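Notes follow once the structure below has been shown.
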């Protein structure tokens, strides 16, 4: 049987993953005197420490833990569906762990070139395919296709998080802060970094510019949209409403971001992503 392993980018906890039939290895997060795991940390405490002026950090799951997950299935084929290489060391770490175990020939580490919503969809569909009797090769063929048919946008509210994470130059961050502009970041096609997509003065204008881009991709019932946010549910609702008006045939789902992604995007950030559905 094919075993599916992933990290916490799809926003499933280990317990949730276990119930659905896959293993989740959460990223590590730390802030001030707190060291914990993504999606397991108390988010009230986490946000509280940010409010106190502390800066959070995140890192990939421990290599030893990944090795243990591989070694738990010595006779099975394993697919580790990892978040985008370049935005995290998780993919490279998973590859390194593979080379350190005896059953390495049965393990495939897949770079989704994405995170959060589209990553979640890939994991869900891989599990569905596995449960329907698909082979590891068949699952990988679809994953390779899906990995080329998604896009992601990030709307940060705090430039400092992007600047510390290397997402913007200090000059660009200072410029945006002074003029109170809202930057729009777009993930590059290789998934390795975020490029500046544009700058607008209002959230409505930001979403409108993203919609204009998405209309060129001809989004419809063949796609699924995700709006992920860092504790700004009311803002997220407005974004969802704007997207649904523009794409009435497209399913739009909302997700709450975990600590690892708040660390990168900052409190109040919103991500808009889409992926082509499996036929």
- line: Here the residues within the range 222-268 that are assigned to a loop (DSSP other than H, G, I, E, B) and modelled with pLDDT of 95 or more are 222, 230, 231, 232, 247, 248, 249, 250, 257, 258, 267, 268
query: Among the numbered criteria (1) more than 29 Å from residue 50 (Cβ to Cβ); (2) not in a strand (DSSP E or B), which single criterion is violated by residue 275?
result: (2)
- prompt: Mind checking whether some residue in the range 88-102 is more than 23 Å from residue 227 (Cβ to Cβ), in a loop (DSSP other than H, G, I, E, B) and modelled with pLDDT under 95?
  reply: yes
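Looking only at residues in the range 14-29 that are more than 16 Å from residue 78 (Cβ to Cβ) and more than 14 Å from the chain's Cα centre (by Cα), which one is surrounded by the most Cβ atoms within 10 Å (Cβ to Cβ)?
Of the range 14-29, the ones more than 16 Å from residue 78 (Cβ to Cβ) are 14-16, 19-20, 26-29.
If we keep only those that are more than 14 Å from the chain's Cα centre (by Cα) too, we end up with 14-16, 19-20, 28-29.
On the way: 14: 16, 15: 11, 16: 13, 19: 10, 20: 15, 28: 19, 29: 25.
Here the answer is 29.
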task: Pick out the one residue from 133, 89 that is without any contact (Cβ under 8 Å) to a residue 60 or more places away in the chain and on the phi > 0 side of the Ramachandran plot.
output: 133
message: When you check residue 11 against the structure, is it surrounded by 14 or more Cβ atoms within 10 Å (Cβ to Cβ) and outside the structural domain of residue 83 (by TED's automatic domain parsing), yes or no?
response: no
task: Pairs only if they're at least six apart or on different chains, beta carbon under 9 angstrom, first in the range 57-69 and farther than 17 Å from residue 9 by Cα, second surrounded by fewer than 16 Cβ atoms within 10 Å (Cβ to Cβ); list them, first residue then second.
output: 67/100
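The values are calculated or read from the model by the stated rules, or taken from the named source; none is laboratory data. Just so we're clear, the structure is a prediction, and the values are computed from it rather than from any experiment. All Cβ positions, glycine included, derive from the backbone under ideal geometry; neighbour counts span all protein chains shown.
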